[in-house]
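Read through the structure below, which is laid out as structure tokens, and then see the notes.
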Amino acid sequence: MSILLFITPINSNAQNLDSIRIEIPKVKATALYVSMKSEKDSLTFTKLKKKFSKNKILREIHHALFKDVYNTNNQGQEIVKIEDDPFTEYEGRVIRKIYVKRLRVFGESIADTTRIAEGFEKFLSSLHANTQESVIRKSFLLFNVGDIVDADRLRDNERLMRQSAILHDARILVLPDPEYPNLVDLLVLTQDIWSLIVDGEANGLQNYSIRVRQVNFRGVGHSWSNTFFMNTREKPALEYASTYTIPYIGKTFVTGQAELELKRTSSHYAFRLFRPFLTPEMKLAGGLVISKDENERMQFRAFDGTTYRLNDSTNFFFPIKKDFIDFWLARAFKVNFLNKGKDSRSRFVVGLRFSDVRFDKRPEVTADTNQLYRNHRDYLIGIGFSNRKYKRDILIYGFGLTEDVPYGYLASFVTGMENSDAFGSRWYAGIKLAKGEYIGKAGYLYGLINVGGYSNGTTGMSIESNYFSTLHAFRRRTQIRHFVNLRYAFGTQRYTGEFINVNRENGILDVNSDKLWGTKKMGLGYQIVFFSKLNFVGFRIAPFFQTDFAFINPKNEFLFKQTPYTSIGIGIRLRNENLTFNTFQIKFSYFPNLPNIQVLNASFNDTYNLRLKDFDISAPEIVPFR
């Protein structure tokens, strides 16, 4: 049995795998993990290695894809290891050719080169249009024929492709030629995500939502998400939201996005263009947002002069119509004196930002009331230092996929001025500090402090921390990982009717209630995931347990005065490694004391991601109060 790769030269600058035939013997081995089996496997693997060594191209592909683990471990254990630095030894060589190999959606796998699509898998793959090779070359590659190999750039390029919404996994392999030691060829392996994805969430039989996403129209990379919200207790019962995205327009790495929301009492239209610092090598970043909102807002009346609460006898609705324009531009500079050894990823960033908020319809605004609806213009400048790297890891949020964990630090300072019809002119200043590291064998820890305030006394502060442990063996066929997250926020002299909440990732997952509000909060969440080898109809299963606690109170009350709002959930995450759907989960939650929320809740959706934050300094921003 064998896998055949076909390579055809297109021109001197672009190559694809269509007609040159490379025969790779079939073997169960992978660069990510390999299961130890028996002495027979060891002998088979040794023979395979000898067979590969007879051909220089096969030898290099073997070196890149396979690990000789059979001859280094005889304990029957599963190896979980990823090569951290496969590119450094080739630095300084010239890229001669670039090959692009697009794997089928079903059956094949970058992690296991022996898989092939057969029968029904072939049929399903035929229904999906793979990302066009021209799109991969023009919009996803940071290098060209004739460039010098840069290890950091290749690592960053792999990470960018894996983070894309349309690619399931990606790998770049370096193929040197012993006859021409200064030249190398690059093989780019990609595998798409199945383009049609459906998920949903239910809070009882009368309140549920369904989201349908087409993430890759006919292989051009465009995505279209449509969400339908149904609540039969309200009129009209149906609401709708849609987002259309064009990632990485040409070679600019600019993303374009259009948004539309049509809800019972509101509508939202927005157009966005943005280009963050996707890699430390990028020098320019920027963004533009133009939006229009119309809705009815509930006004909160004071009951004691300082604390604002819901009070049905005094609340009323009023129309809002808002236009918003936001533009920012940033420039990054290398900071060599902060480097250690060959480290060249430290950057000094300078950014400028202008935003304009204009209300055509709103309630009466003064310095003491309804300040949220003030017309204002903001002029900001930000400076900061950043150093960011990435470690390849697995079994964090998915099964078998390469996951890029950012580590490093950032420190930034933002200052500027606001002109508004409520406060006149006032100055703003804020700082942001963040750091994330693998702490030995204990796991990964991230921390963030964000503090800012205006010259009139309005301030906001947030503290955030995320942690996940290393993998631990649990019995013989399971590995576990622990997750902990902490959120704390408060503000002083905030605006009338402005509050923070503990909904969803702000405190309690799978919850969205307008009753969970206040002016200061703290949320603590814990989750344990069991990555098992159990299979159900071909699906790998990861049971998990999760609990969240959240305190939230108005500013004149002690934060821990009341019993914390609590959520307890159990569920399973499912993934079939022969498929390329996102890992999804089925979860059942119990909410013993949440207002306006049913005690029991069931959800079926993508896995919740702690969204480990990058250490990218881009748009100068005012500390968000949330």
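Miscellaneous remarks
- Counted residues, the range 178-222 - those being touching a Pro at 6+ places or on another chain (Cβ under 9 Å) and not in a strand (DSSP E or B): 2
- A single member of Y240, Y208 is of a type in the set (S, T, Y) and either under 30 Å from R345 (Cα atoms) or touching a Gly at 6+ places or on another chain (Cβ under 9 Å) (or both), and it is Y208.
- Subset of the range 192-242 [surrounded by fewer than 17 Cβ atoms within 10 Å (Cβ to Cβ), of a type in the set (A, V, I, L, M, F, W, C), within 19 Å of S164 (Cβ to Cβ) and modelled with pLDDT of 85 or more]: V220, W224
- Among the residues of the range 388-440, the one identified as among the polar types (S, T, N, Q) and in contact with a Gly (Cβ under 6 Å, 6 or more places away or on another chain) is S412.
- When the range 245-262 is filtered for residues that are in contact (Cβ under 8 Å) with a residue 24 or more places away in the chain and surrounded by fewer than 15 Cβ atoms within 10 Å (Cβ to Cβ), the ones remaining, listed by number, are G250, K251.
- Residue check: L352 meets all listed conditions (1) over 29 Å from A330 (Cβ atoms); (2) buried (at least 16 other Cβ atoms within 10 Å of the Cβ) but one, namely (1).
- Residue in the range 265-274 that is charged (D, E, K, R) and either more than 19 Å from the chain's Cα centre (by Cα) or more than 30 Å from F318 (Cα to Cα) (or both) present: no
- Selection from the range 121-172 of residues that are small (G, A, S), surrounded by fewer than 19 Cβ atoms within 10 Å (Cβ to Cβ) and either assigned to a strand (DSSP E or B) or assigned by TED's automatic domain parsing to the domain that holds K389 (or both): none
- Annotation note: of S266, S291, the sole residue that is of a type outside the set (A, V, I, L, M) and touching a Phe, Trp or Tyr at 6+ places or on another chain (Cβ under 6 Å) is S291.
- Residue match in the range 419-429 (condition: on the phi > 0 side of the Ramachandran plot, free of Cβ contacts under 8 Å to residues at least 40 places away in the same chain and in the same structural domain as A489 (by TED's automatic domain parsing)): yes
- Just one of (1) crowded, with 20+ Cβ neighbours inside 10 Å; (2) of a type outside the set (S, T, N, Q); (3) within 17 Å of K587 (Cβ to Cβ); (4) at pLDDT below 90 fails for R504. It is (1).
The values are calculated or read from the model by the stated rules, or taken from the named source; none is laboratory data. All of these numbers come straight from a predicted model, not from anything done at the bench. Heads up, the Cβs are rebuilt from the backbone with ideal geometry, glycines too, and the neighbour counts pull from every protein chain shown.
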